[in-house]
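The values are calculated or read from the model by the stated rules, or taken from the named source; none is laboratory data. Only a predicted model underlies this, so the values are computations on that prediction, with no experimental measurement involved. Here the Cβ positions follow ideal geometry from the backbone for every residue, glycine too, while neighbour counts run over all protein chains shown. In case anyone asks, the SASA skips ligands and DNA or RNA and just uses the protein heavy atoms, side chains included. Shrake-Rupley method; radii C 1.70, N 1.55, O 1.52, S 1.80 Å.
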Amino acid sequence: MKGTIDAPTSIIEASYQLELYDIETDSQPHLEGIYTAPPISLRAISPEEAIKRTYTETQSVLKASKLPVLIGGEHSLSLGAVKAGVEVYSDLSVLQIDAHADLRDSYEGTEYSHACVMKRVSEMVPYIGVGIRSVAPDESEIFKRKRKAKEIFTVADFRQLENFEAIVEKLSDNVYITIDADGFDPSLIPGVGTPEPDGLTFDELNRMLGEVIATKNIVGFDFMELRPMKGDVRSEFTAAKIVYKVLAKIFRIGL
Ligand SMILES: [Mn+2]
């Protein structure tokens, strides 16, 4: 989990620089009440244990009828949140924003690597992937199948859509959103492990999420895989902004 461990602190710090007013929704999301929980301690434990702790924390937030928002962190931690979510919402589906398919069965000796996260998610719930533009040879068959079934949209596929209906119609009523920072174009978020060119713009992602939030019940979301860079705050500021804007849209509809 090297590199991503400092992301939560850097995103929270960047959030202090955000204007509290959101132009788009004509609202101040902070007035709804945003509680920043202490960080989940994940140092010196196995990936399985880290996922388990994330699961327990998310479960307690859901039990309190609150909206869990996870700021990470290694992408595999999303598994803990999805597991907690599907226990409450049996029809749960996941919307993945990511440059990578993350469909490997195992990677570097573990089934709980960031490179396997969507394979593990797909074993729990259906999901739709958007922004995918980097696929390993051993993922290519399943990627092609999912792309043909319109369960995965490359950035090129996404840009050919006239509206977001094809994405929305595949999702169930209750949706968990997982955003890997590298789904964005690296000009917006250079601070990632694998900056893949030709990613989504802020506007593209913001508009698509707006449509999903308007039509679905969002049970939780996460923003993962940021790696802060020295001397460049673009990444964490963009991360803080999208998290705040997603909250603004969810709050406008009402929890
Ligand atoms: Mn990724």
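Worth a mention:
- Share of pairwise Cα separations in region 3-101, more than 22 Å, in percent: 41
- Share of carbon and sulfur in the accessible heavy-atom surface of the chain [1.4 Å probe, %]: 51
- The reciprocal of the average 1/r between distinct C-alpha atoms defines the Kirkwood hydrodynamic radius, which for the chain equals 18.1 Å.
- Note, ³J(HN,Hα) from phi for region 106-121, Karplus 6.51, -1.76, 1.60, rounded to Hz, x at Gly and Pro: 8, 8, 6, x, 9, 8, 10, 7, 4, 6, 10, 4, 6, 4, 5, 4
- Count Lys and Arg as plus one, Asp and Glu as minus one, and take only other residues whose Cβ is under 15 Å from that of GLN17; the net charge is then -2.
- Amide H within-cut-off set for ALA99, under 5 Å, with H built and near neighbours excluded: ASP182, GLY183
- Residues whose amide H comes within less than 5 Å of that of ASP222, counting only those at least five positions distant or on another chain, are LEU70, ILE177, THR178, ILE179 (H built at 1.01 Å from N in the peptide plane).
- Each Cα pair under 8 Å and six or more residues apart adds its sequence gap; the mean of these over the residue count of region 82-142 is a relative contact order of 41 percent.
- Expected 222 nm ellipticity per residue - DSSP helices of 4 or more, -39500 (n - 2.57), all of the chain, to 500: -11500 deg cm²/dmol
- FRET efficiency, SER172 to SER65 (Cβ-Cβ, R0 25 Å, nearest 0.05): 0.80
- 19 Å cut-off, amide nitrogen to a point 7 angstrom out along GLN28 Cα→Cβ, residues in region 214-255: 241, 244-254
- Fraction of antiparallel bridges per DSSP, the chain only, in percent to nearest 5: 15
- Other residues within the sphere of radius under 14 Å centred on the Cβ of VAL86, judged by their own Cβ, net out at -2 (K and R +1, D and E -1).
- Phi-derived couplings, Karplus 6.51 cos²θ - 1.76 cosθ + 1.60 at θ = phi - 60°, listed residue by residue for region 228-244: x, 10, 5, x, 9, 9, 3, 4, 6, 5, 4, 4, 4, 5, 5, 4, 5 Hz, with x used for Gly and Pro.
- Each of ILE177, ILE23 has its accessible area taken with a 1.4 Å probe; listed largest first, they run ILE23, ILE177.
- For the chain, the solvent-accessible area works out to 48 Å² per residue, with a probe of 1.4 Å and every protein chain left in place.
- If R0 is 41 Å, the Cβ-Cβ spacing of ASP6 and ASN217 corresponds to a FRET efficiency of close to 0.80.
- Here is the list for region 24-58: GluC sites (Glu not before Pro) lying in DSSP coil, each with at most 15 other C-beta atoms within 10 angstrom of its C-beta, are GLU24.
- Sequence-ordered 3J(HN,Hα) estimates for region 21-32 from the Karplus curve with 6.51, -1.76 and 1.60 and θ = phi - 60° stand at 8, 9, 4, 4, 9, 6, 9, 10, x, 4, 5, 6 Hz, glycine and proline given as x.
- Amide hydrogen proximity for THR4: with H placed 1.01 Å from N in the peptide plane, no residue at 5 or more positions away or on another chain lies under 5 Å.
- For ASP105 and LEU18, the FRET efficiency from 1/(1 + (r/R0)^6), where r spans their Cβ atoms and R0 equals 41 Å, is about 0.55.
- For the set LYS83/LYS245; LYS119/LYS245; LYS83/LYS230; LYS144/LYS245, the pairs lying more than 30 angstrom apart at their alpha carbons are LYS83/LYS230; LYS144/LYS245.
- For GLU48 and ALA149, the difference between the fully extended length at 0.36 nm per residue and the C-alpha to C-alpha distance is 33.3 nm.
- Charge tally around ASN174: other residues with Cβ under 13 Å, Lys/Arg +1 each, Asp/Glu -1 each, net -2.
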